[in-house]
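Shown next, in structure tokens, is the structure this report addresses.
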Amino acid sequence: MTALSVDQLVVRYGAVSALDGISLQVGRGEVLAVLGPSGSGKTTLLNAVAGFVPISGGEIRIDDILVASGRRSLPIEQRGVGVVFQSYGLWPHMDALDTVAYPLRRQGMDKAEARARAAELLERVGLAGFEHRRPNLLSGGQQQRVGLARALARKPRLFLFDEPTANLDSGLRAGLQSQIREQLERTEAAAVYVTHDPVEAFAVSDRIAAIRDAHLVQVATAKEIYAHPADAWIARLTGPCSLVDADVLDSSTVRVGGVVVCGVILGGANQQSSGGAAQIARRDVSLAVRPEWIRLDAPGALPLDATVETVAFAGAEMVCTLAGGGRSLAVHVPGSTDIRAGDRVSWGLTQACVLDRSAPPAGDTATAPPAAAPTEPAMPTARS
């Protein structure tokens, strides 16, 4: 069964389209990460699914139930969604136990039963012993786990995460991402997870939907979108990447700056499963090259020459920049490598993704950012 179906969704703020013809589906038990920069429309998509903003066109279905169209809009509480906000959204006057129990009480559950269920959920997210702490006595990571437990309490058909780890430091962020993924697997519910961080999208999702300027650009698994980006913009959105002008000579051979380079695994967005075997000769293309797809050796050992411009130690690896032939390349080598700025090296390619030169230019901002939309609903007044 399809947990979420979005068909030709349009959201406008005056003359500006925040979403323009978005269509996607999320299967039962699937986690879809929505990845894009600020102003791309990713949070507007989440808000439209939740019911926080009205839609201007298209349809939204949750478990095959029409929840929003041009003529119909179910209230938030009837959509069966659980939302986890970036800003935690906790009530300052309620402790963790009452915060998690609150949606259960709103559903009519007996107070004692609701509190017992809330205690179980807090234990599930690692907060046993913190039941009676208010938000001001909880760390950011602990507050977000309370928010996760509150969302789990209602057993929603669909979870919506609005950059839930954005306010946390890197150590807490990785731990919470793992915990979110674990809890989603236990519930077997679907989820839409909004983020601007490709590493987070890779960590939590089954598939990634990349959004740019209110349009859906590519939907693919993490491995597919990393190895076979649809264009230069997605290549750079999803990780470090260099663009190299080239001619494709056959399925494993390219010409770069007049030099023939053989034995290259070639791919593209139109052949995510078949790899480079489908490549045919093409002139004047761009190759998207990840840092780990470049080999370095002594001068003359590999087809192309360059000079090491910068070297930065990053623990397990060295992050280097090469200059040669009028181009700049990002390269990662093992941290034990003896390499310094100014060294002459030779380089070759092990893998590359073929991009059309006609693809939209790479960038990281929307050309016409939408007007500000609410990121979360007003918090209701708690009742015992």
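Scanning the range 301-355 for residues that are among the small types (Gly, Ala, Ser) and in contact with a Pro (Cβ under 9 Å, 6 or more places away or on another chain), which turns out farthest from residue 253 (Cα to Cα)?
316
Considering only residues that are within 26 Å of residue 46 (Cα to Cα) and among the basic types (Lys, Arg), look in the range 83-120 and name the one that is modelled with the lowest pLDDT.
So, considering only residues that are within 26 Å of residue 46 (Cα to Cα) and among the basic types (Lys, Arg), the one modelled with the lowest pLDDT is 106.
Could you list, in sequence order, the residues of the range 63-93 that are assigned to a loop (DSSP other than H, G, I, E, B) and under 22 Å from residue 194 (Cβ atoms)?
Listed by number, the residues that qualify are 63, 74, 75, 79, 80, 85, 86, 87, 88, 89, 90.
Does residue 85 satisfy the condition of being under 30 Å from residue 35 (Cα atoms) and among the aromatic types (Phe, Trp, Tyr)?
Against the criterion (under 30 Å from residue 35 (Cα atoms) and among the aromatic types (Phe, Trp, Tyr)), residue 85 qualifies.
Working only within the range 190-205, note down all residues that are among the β-branched types (Val, Ile, Thr) and in contact with a helix residue (DSSP H, G or I) (Cβ under 8 Å, 6 or more places away or on another chain).
Listed by number, the residues that qualify are 192, 194, 195, 204.
The values are calculated or read from the model by the stated rules, or taken from the named source; none is laboratory data. This structure is a prediction, so every number in the text was calculated from the model and none was measured. Backbone-built Cβ (ideal geometry, glycine too); neighbour counts: all protein chains shown.
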